[in-house]
1. How about chain B: which GluC sites (Glu not before Pro) there are in a DSSP loop, with at most 15 other Cβ atoms within 10 Å of their Cβ?
2. Among B:57, B:69, B:42, determine the one that fluctuates most according to a GNM of chain B built with springs between C-alpha atoms less than 10 Å apart.
3. Under 18 Å between alpha carbons: how many lysine pairs meet that in the protein assembly as shown, if sequence neighbours fewer than 8 apart on the same chain are excluded?
4. Explain nothing, just the number: relative contact order of region B:1-74, from Cα pairs under 8 Å at least 6 residues apart, as a whole percent.
5. GNM on chain B, C-alpha springs below 10 Å: top fluctuator among B:77, B:89, B:64?
6. In percent, how large is the relative contact order of region A:24-99, given Cα pairs closer than 8 Å and 6 or more residues apart?
7. Count, for each residue of B:33-39, the Cβ atoms from other chains sitting within 10 Å of its Cβ, then give me the mean as a whole number.
8. How much FRET efficiency would the formula 1/(1 + (r/R0)^6) give for residue A:15 and residue A:69, where r is the Cβ-Cβ distance and R0 is 25 Å, rounded to 0.05?
Amino acid sequence: KAGVTQTPRYLIKTRGQQVTLSCSPISGHRSVSWYQQTPGQGLQFLFEYFSETQRNKGNFPGRFSGRQFSNSRSEMNVSTLELGDSALYLCASSLRQLGPSTDTQYFGPGTRLTVL
Amino acid sequence: EDQVTQSPEALRLQEGESSSLNCSYTVSGLRGLFWYRQDPGKGPEFLFTLYSAGEEKEKERLKATLTKKESFLHITAPKPEDSATYLCALISGGSYIPTFGRGTSLIVHP
């Protein structure tokens, strides 16, 4: 079974630009979560989508947004990039809402975003 | 509010020197506790899920245990390829969103 895939793997952008990251979950997984990981803050939750609806949202500004498509693939968008947005962005998928045994999240390899 | 604290922050071992990593937590109704391994620049790799106190799971040189207040990841006779950051996370009954610890950075010297 294929794992979680993320594209692109690396991105370099300049301040003020916007970026879109893509995530394809494990087949059959309907929940997709996004995280930002930096050395200083660790793993921080951005948002979760389930069946095309945002179910949970972390404490990030509105410049960070996302969506999920009917095939469970998800995208996240960051507008007006700032230097502090440089990070590893991770996507994770899970079966979710079918009992505790389906809560486990499986992560993709991440997208390394560098903002210059 | 759920809290997860991992210790130590960093650990250096000699190859073959067994040790344990700690994950202490406070939560209202544990739904599941997870251990992940993360190599530099890569996404976390799932290791174990534990659901209730007394539960244990093993995989090769790793063994995870769970009590009502903490979880341990025991590493028996580690090898240099076990070097990585080990993350602990949990989900409580009130939320589906995992709370992650800051991780333990493990270096195993040959």
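Where a number appears in this text, it was derived from the coordinates with a stated rule and is not lab data. Just so you know, these numbers come straight off a predicted model, no measurement behind them. For neighbour counting, all protein chains shown are included, and Cβ atoms are generated from backbone atoms with ideal geometry for every residue, glycine included.
1. Details: sites: B:1, B:9, B:15, B:17, B:45, B:55, B:56, B:58, B:60, B:70, B:81; in loops: B:1, B:9, B:15, B:17, B:55, B:60.
For GluC sites (Glu not before Pro) across chain B that sit outside H, G, I, E and B with at most 15 neighbouring Cβ atoms in 10 Å, the list reads B:1, B:9, B:15, B:17, B:55, B:60.
2. Comparing B:57, B:69, B:42 in the GNM, the peak value goes to B:42.
3. Details: B:57/B:68; B:57/B:69; B:59/B:79; B:63/B:79.
For the protein assembly as shown, the number of qualifying lysine pairs is 4.
4. Numbers: 116 pairs, mean separation 20.2, N = 74.
About 27 percent, as a whole number.
5. Per the Cα network of chain B with a 10 Å cutoff, B:77 tops the list.
6. Values: 143 pairs, mean separation 29.2, N = 76.
After rounding, I find 38 percent.
7. Details: counts 0, 3, 0, 6, 0, 6, 0.
Mean shielding by partner chains, rounded to a whole number: 2.
8. Working: r = 29 Å, r/R0 = 1.17.
Between residue A:15 and residue A:69 the formula returns 0.30.
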